Amino acid sequence: MDVGCGPGRLVAAVAERGVVSLGIDTSAVAVRLTRRRGVPALCRDVFAPLPGEGRWAYLLLVDGNIGIGGDPVALLRRCRQLLRPGGTALVELAAPGTGLWRGTVRVEYDDRTGMTYAGPAFRWARLGTEAIHDLAGPAGLRVRSVRSTDGRWFAELVRP
């Protein structure tokens, strides 16, 4: 399961390898783009009921999506509920030294006329590599590894 799948590039890559996959996103546009790639996707909040709860072997939480909801422990607890025992979550983190930040953000965008618009405020978080060790345990997950690839940082978390 790819939580916050966006246009579906990663969930499509996983599906191409023969792994049963599902993308979820709260953006109808993102879900439509994911489906155009031939991958199942639902327009759903991760905290809403989802298919296969407790039976997913793998979960992706990348591209900053550890920030969803502004509470990484609550999000990781929810991810634990989605995973089967022994299942793993690949979580993208901010670089070392970032720590934990929680707050309110807005997405800003420019239209074709040069005007800048801001969407509604929503809760978000950033989590650095060092903070994952303090938050995984309370969420019921174990850190298997933390590593860097091409300048991006990832933790592999396991549901015991």
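Would you please give the FRET efficiency between THR113 and HIS133, computed as 1/(1 + (r/R0)^6) with r the Cβ-Cβ distance and R0 = 45 Å, to the nearest 0.05?
Details: r = 47 Å, r/R0 = 1.05.
Working from the Cβ atoms, E equals 0.45.
What fraction, in whole percent, of alpha-carbon pairs in the stretch 1-42 exceed 16 Å separation?
On the way: 134 of 861 pairs.
Of all Cα-Cα distances in the stretch 1-42, 16 percent exceed 16 Å.
Taking the Cα-to-Cβ direction at SER145 and at VAL20 and moving 7 Å from each Cα, how far apart do the two end points lie in nm?
2.6
Which cross-chain or sequence-distant (5 or more) residues have an amide H under 5 Å from the amide H of GLY8, H modelled 1.01 Å from N in plane?
Excluding prolines and chain starts, which carry no amide H, there are no hits.
Arranged from highest to lowest average of other beta-carbon atoms within 10 Å per residue, in what order do the peptides 142-154, 72-84, 92-104 appear? Kindly include the intermediate steps, with their values, before the conclusion.
Details: 142-154: 12.2, 72-84: 20.3, 92-104: 14.6.
In decreasing order of mean packing, 142-154, 72-84, 92-104 become 72-84, 92-104, 142-154.
Could you state the accessible area per residue of the chain in Å², with a 1.4 Å probe and every protein chain left in place?
That works out to 54 Å² for each residue.
Could you order the peptides 35-42, 127-134, 3-10, 114-121 from most to least packed, using the average number of other C-beta atoms within 10 Å per residue?
Details: 35-42: 16.9, 127-134: 18.8, 3-10: 21.6, 114-121: 8.8.
Answer by packing, highest mean first, reads 3-10, 127-134, 35-42, 114-121.
Looking at the square roots a ≥ b ≥ c of the eigenvalues of the Cα gyration tensor of the chain, which shape do they give, rounded for a/c under 1.5, prolate if a/b is larger than b/c, or oblate?
On the way: a/c = 1.66, a/b = 1.14, b/c = 1.46.
Oblate, since a/c reaches 1.5 and b/c is not below a/b.
What's the local net charge at VAL73, with K and R +1, D and E -1, over the other residues with C-beta under 11 Å away? Don't jump to the answer; show the numbers that get you there.
On the way: positive: ARG77, ARG78, ARG80, ARG102; negative: ASP71, ASP134.
With Lys, Arg at +1 and Asp, Glu at -1, the neighbours total +2.
Out of the DSSP beta bridges found with both residues in the chain, what percent are antiparallel (nearest 5)?
Values: 22 of 34 bridges.
Here the share of antiparallel DSSP bridges comes out near 65 percent.
The values are calculated or read from the model by the stated rules, or taken from the named source; none is laboratory data. Note that the structure is a prediction, hence the values are computed from the model and not measured. Glycine also receives a Cβ, built like all others from the backbone with ideal geometry; neighbour counts cover every protein chain displayed. Each accessible area value is taken on the protein alone, full model and side chains, heavy atoms only, with ligands, DNA and RNA left out. Shrake-Rupley method; radii C 1.70, N 1.55, O 1.52, S 1.80 Å.
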